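Contents: one structure, followed by commentary.
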Amino acid sequence: MSSIKKLAGETIWYGGSTIAARLINYLLTPFLTYTLTYKSDYGKIALIYALIPIFNIIFTYGFETTYFRFSGKKEGSTKLYSTAFLSLLFSTIIFTGVLWLNKTSLGAVIGLEKFPTIIKLMILVIATDALSAVPFARLRQEGRPKKFAAAKILGVLINILLTWFFIGYCPAHYATNPSGWLSKVYDPTINPITYVVFANLAQSIITLIFLSKEILQIRFNFDGALWKQMMIYALPLVLVGMGGMINETMDRLMLSWWLPGSKIFREEQVGVYSACYKLSILITLFIQAFKMSAEPFFFKQAEGSNPQRIYARVMKFFVMIISVMFLVVSLFIPIWKYFIGPKYWEGLSVVPILLLANVFLGIYYNLSIWYKLSNKTIYGAWVTLIGTTITIIINYIFIPKYGFTACAWATLICYGSMMIISFVWGQKYYRIPYAWKKLLAYIIIVVTIFFIHKGITHFYDNKYFSLGIAAVLLLIYCRFLTLVEHKEFAKLPFVGKYFMQKKLISGA
């Protein structure tokens, strides 16, 4: 059980800092959706941040995961670290130059060709983020969570502060004194989106400066032979990452391309869909936190005896936690909806679909360890390409008629398919004794509970009645879990003592 405790501890540190950083960053969602005058402006922001992660994959080309994989063999040597960083530095310079020369075409992809400044800032954000990837990976590999957490949270706080300053403070105070000091830093004629992206760039630069000590440890000691081995391992991960980001973010772009109507209408619908997508915040944050700690943890466990048993138990705890989170969000949407502005509530019907899609995505991330450990990353690429194909086909066919609802269903079907395929192939090439029947039952039960709640509240549409029924159903499910998994809970520190005191596990 010590391994599970270790992962839990690392999840609290690395994941906790990631959750804190992303949670603070998520505060921009209510701020922007309540503050921005036009839904189309929030749609433009969503399109920008649909494209940035895709280029992040290209710029880093799987070297974070590759660094973890090779650090076990090279003991985190300076040569490995320097080779990885110098590779990213050189490629970032080239990629940034290519994007800069093609910034007009890049802007046309997201319909912002008339905003060249925004595109330039976006390119610089992508480049700066790429340079911090390997230093962050080293902090995680060396087990230095405090600095990792500080760097993440500091950058996000800078972003939040500048966004509030330029979007909230300046417009309210500039009009009272146009010739004052604000005129030196703020121009009301500039599109507010420009300031949003500028704040992100400031975050990236501050973060990179904060990591300067790690960067100064780089030596011009590039190992060509090692680099070739790393590239062979990493290149399939580029396809995995690209496909994953296409599945995760590109539906916003597809919605703007294929939805009938005016450009402003399409941007408004993108804004509504993106805002409602943010309501899966709890599950998304947990998945991101888990990924941060689980990847280096899984690779370290692979060096021990019978790591498959540990992976199976991690999956069990993961599914139990994420199933509870599904209910916490889906049953309490009447509360969660206030996280976004009322003008975006027209898209709330897709939230449960997206929540379940993210449950499948989290399970897939757990399952994906098989091809990383067995050096069959090409299979991961195939799984992701299949998911990408599903996403594109469904969106292309159904967006013109069903709009962002088609995007939500495409996401669910895509992640569900990837989860199933990865499980089947993984059991063939790297068998892990998952308690898959029990885990499948948990997912079916929480979905059933959701529909029970929906059915009950359909006949009596009252907010407080809905929340009361939701609380009862959630408590029933949690009680069910404690009864079924009482032996697992008993092995956890503090929780086990509670179980024994309450005599919930007599004889266990």
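The values are calculated or read from the model by the stated rules, or taken from the named source; none is laboratory data. Quick caveat, the model's predicted, so the values are computed rather than measured. Cβ atoms come from the backbone with ideal geometry, glycine included; neighbour counts cover every protein chain shown.
Filtering Ile452, Ile476 for residues that are more than 16 Å from Pro352 (Cα to Cα) and part of a helix (DSSP H, G or I) leaves a single hit, Ile476.
Here Ala151 fulfils each of the conditions (1) surrounded by fewer than 19 Cβ atoms within 10 Å (Cβ to Cβ); (2) closer than 21 Å to Leu211 by Cα apart from (1).
Going through the range 476-495 one residue at a time, which ones are under 16 Å from Ile321 (Cβ atoms) and modelled with pLDDT of 90 or more? Matches in the range 476-495: Tyr477, Cys478, Arg479, Phe480, Leu481. Suppose we keep only residues that are of a type in the set (Ser, Thr, Tyr) and under 28 Å from Ser82 (Cβ atoms) within the range 208-257. Which one would you say is nearest to the chain's Cα centre (by Cα)? Only one residue fits best here, namely Tyr233.
Residues that are touching a Ser or Thr at 6+ places or on another chain (Cβ under 6 Å) and over 21 Å from Gly62 (Cβ atoms) are absent from the range 314-328. Checking each residue in the range 163-189 for being among the aliphatic types (A, V, I, L, M), touching a helix residue (DSSP H, G or I) at 6+ places or on another chain (Cβ under 8 Å) and closer than 15 Å to Thr37 by Cα picks out only Ile167. Say whether the condition of being in contact with a Leu (Cβ under 9 Å, 6 or more places away or on another chain), touching a residue at least 24 places away in the same chain (Cβ under 8 Å) and assigned by TED's automatic domain parsing to the domain that holds Leu154 is met by at least one residue in the range 230-237. There is at least one residue in the range 230-237 that is in contact with a Leu (Cβ under 9 Å, 6 or more places away or on another chain), touching a residue at least 24 places away in the same chain (Cβ under 8 Å) and assigned by TED's automatic domain parsing to the domain that holds Leu154.
From the list Gly380, Gly362, Gly403, Gly341, the one residue that fits, being touching a Phe, Trp or Tyr at 6+ places or on another chain (Cβ under 7 Å) and farther than 23 Å from Gly62 by Cβ, is Gly341. The set of residues in the range 206-250 being over 30 Å from Leu157 (Cα atoms) and not in a helix (DSSP H, G or I) consists of Arg219, Phe220, Asn221, Phe222, Asp223. Of the residues making up the range 233-276, just one is β-branched (Val, Ile, Thr) and out of contact with any helix residue (DSSP H, G or I) (no Cβ under 6 Å at 6 or more places or on another chain), namely Val238.
From the list Phe398, Phe450, Phe459, the one residue that fits, being in contact (Cβ under 8 Å) with a residue 12 or more places away in the chain and either surrounded by fewer than 15 Cβ atoms within 10 Å (Cβ to Cβ) or over 30 Å from Pro260 (Cα atoms) (or both), is Phe450.
Looking only at the range 292-307, decide whether some residue is crowded, with 22+ Cβ neighbours inside 10 Å and either at pLDDT 85 or above or touching a strand residue (DSSP E or B) at 6+ places or on another chain (Cβ under 6 Å) (or both). No, every residue in the range 292-307 fails to be crowded, with 22+ Cβ neighbours inside 10 Å and either at pLDDT 85 or above or touching a strand residue (DSSP E or B) at 6+ places or on another chain (Cβ under 6 Å) (or both). Note on the range 135-173: residues that are closer than 22 Å to Thr78 by Cα and either at pLDDT below 90 or of a type in the set (S, T, N, Q) (or both) total 14. Hey, does the range 431-438 have a residue that's in contact with a helix residue (DSSP H, G or I) (Cβ under 6 Å, 6 or more places away or on another chain) and part of a helix (DSSP H, G or I)? Scanning the range 431-438 turns up no residue that is in contact with a helix residue (DSSP H, G or I) (Cβ under 6 Å, 6 or more places away or on another chain) and part of a helix (DSSP H, G or I). When the residues of the range 249-277 are narrowed to those that are over 14 Å from Gly111 (Cβ atoms) and surrounded by fewer than 21 Cβ atoms within 10 Å (Cβ to Cβ), which ends up modelled with the lowest pLDDT? Across the range 249-277, the extreme among qualifying residues is Thr249.
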